[in-house]
Amino acid sequence: AGRNRNESLEIYRPTMGETYRRRFNLVTQFRQAVESGHISVYYQPQVTLRNQELRGVEALVRWQHPEFGMVNPAEFVKAIEATGSIDILFDHVLNTCLKQSNLWLGRGLRIPVAVNVSVRNLTADFPDRVAAALATHQVPGELLTLELTESNMMADPEQSLPILSALHAQGIKIAVDDFGTGYSSLAYLRRLPVDELKIDRSFIQGMSTALGDLAIVRSIIDLGHSLNLQVIAEGVEEESSREVLRSMRCDGMQGFLFSRPQPIDRFEAWLAARTVR
Ligand code: C2E
Ligand code: CA
Ligand code: CA
Ligand code: CA
């Protein structure tokens, strides 16, 4: 075996299973796919619970693969985290969003955009790279939110702290994604420069049938508010959940009830239909 071989990648052999071949292809083809324009960004709106005003959009990556069709990020994000491609993914999504923000600003629209970050992206030079991208596209940091899952953020809080603080100093907001599924130390939650908690969709979806989930959602909202954080519910699919969340004073929501993630032209049409009343 060659010394230069990436440890995380086995050499493909025809005897390997179909699942393995697919994963192998996804990992090795990612870089080329970005260059070929096969990696795009979908936008899912986030609205306030009080009066359903647009409070921002979350950018969600999509891969239109020539052989496999539409590939879900659940299938390739984990796989490319082990390779340098995770930075290519982040840079591509960030630049796509900031280019879009700049176009919106030109039309007088200030729409905050949230981008997902992997813990693998959080190297010491990360805050400077994000600052450079904001400068290139002339977008103020206040319009950018970076989402990190709870387990990613708490994996090594002492290491995340200086990086998150440097981002925060640029006005960038930090959201804790999938909140409730990891193991947050409340002491760290208070110390880290966090602005938002996003309640994991498993609790939102269990809320209507499981009293335990309802209790967890209420506790997260109260915890967030007592720490002065915004609390967002993700995966809201039912009208009844919306009502309950509103009564519990949750700040924002995202979910199929309101809108699915959409490509930019469909999102623009959705936006136009809403503003022309
Ligand atoms: P996430 O950050 O928790 O994103 C929310 C996921 O829930 C999205 O799945 C979205 O399509 C889905 N969703 C939204 N509303 C509903 C709903 O009402 N019901 C249901 N059943 N699902 C809903 P998606 O787009 O497949 O993304 C999956 C995960 O992949 C994301 O979870 C995120 O962890 C990761 N991901 C997506 N884009 C990126 C990216 O650009 N970079 C990184 N590092 N990860 C990404
Ligand atoms: Ca997210
Ligand atoms: Ca989430
Ligand atoms: Ca998730």
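Nothing in this text is a laboratory measurement; each read-out follows from the coordinates by a stated rule. All of these numbers come straight from a predicted model, not from anything done at the bench. So basically every Cβ, Gly included, is an ideal-geometry build from the backbone, and we count neighbours across all protein chains shown.
Place a +1 charge on the Cβ of each Lys and Arg in segment 202-266 and a -1 charge on the Cβ of each Asp and Glu, then give the dipole magnitude about the Cα centre in debye, rounded to the nearest 20. Don't skip to the answer; put the middle values down first.
On the way: 6 positive and 9 negative charges, 20 e Å.
Dipole of segment 202-266, to the nearest 20 debye: 100 debye.
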Subject >> Residue (of Ala135, Ser226, Ala187) at the positive-pole extreme of the chain, dipole from beta-carbon charges >> reply: Ala135
Original post:
By what distance, in whole Å, do the Cα atoms of the chain stretch along each of the three principal axes, largest value first?
Top reply: 60, 42, 39
**OP:** Would you grab the residues whose amide H sits under 5 Å from the one on Gly56? Only those 5+ places off in sequence or on another chain, please, with H modelled 1.01 Å from N.
**Re:** Gln46
Original post:
Which of the lysines could be linked to Lys99 by a straight reach, that is with a Cα gap under 22 Å, when you skip same-chain ones fewer than 8 residues away?
Top reply: Lys173
Subject >> Spin-label pair Glu238/Ser151, simplified geometry with 7 Å Cα→Cβ offset, distance in nm >> reply: 2.6 nm
Original post:
Put a dot 7 Å past each Cα toward the Cβ at Ala210 and Arg21; how far apart are the dots in nm?
Top reply: 3.8 nm
**OP:** Pop the C-beta distance of Ser36 and His225 into the FRET formula with R0 = 41 Å and round what comes out to the nearest 0.05.
**Re:** 0.35
**OP:** Quote the charge dipole size of segment 116-195 about the Cα centre in Debye, to the nearest 20; the model charges only the Cβ of Lys and Arg (+1) and of Asp and Glu (-1).
**Re:** 120 debye
Original post:
Contour minus end-to-end for Ala74 and Ala131, with contour as 0.36 nm per residue of separation and end-to-end as the Cα-Cα distance?
Top reply: 17.7 nm
**OP:** Convert each backbone phi in segment 219-236 into a coupling constant with the Karplus relation 6.51 cos²θ - 1.76 cosθ + 1.60 (shift: θ = phi - 60°), then list the ³J(HN,Hα) values in order as whole Hz, x for Gly and Pro.
**Re:** 5, 5, 4, 5, 4, x, 5, 6, 9, 6, 9, 7, 10, 10, 9, 10, x, 7
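Find how much the distance from Asp87 to Ala273 grows on full extension, using 0.36 nm per residue of separation minus their present alpha carbon separation; answer in nm with one decimal.
Values: separation 186, 0.36 × 186 = 66.96 nm, distance 3.55 nm.
This chain segment gains 63.4 nm when fully extended.
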Original post:
Using θ = phi - 60° and the Karplus form 6.51 cos²θ - 1.76 cosθ + 1.60, what ³J(HN,Hα) does each residue of segment 41-54 get, whole Hz, x for Gly and Pro?
Top reply: 10, 9, 10, 10, x, 10, 10, 6, 6, 5, 9, 6, 7, 5
Subject >> From phi via Karplus (6.51, -1.76, 1.60), per-residue ³J(HN,Hα) for segment 114-124 in Hz, x at Gly/Pro >> reply: 10, 10, 7, 10, 8, 4, 5, 7, 7, 8, 4
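Which loop-located trypsin sites (Lys or Arg not before Pro) does segment 45-124 contain, where loop means any DSSP state but H, G, I, E or B and the Cβ has at most 16 other Cβ atoms within 10 Å?
Filter output for segment 45-124: Arg50, Arg107, Arg110.
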Subject >> Dipole in debye (nearest 20) - the chain, about Cα centre, beta carbon charges: Lys, Arg +1; Asp, Glu -1 >> reply: 440 debye
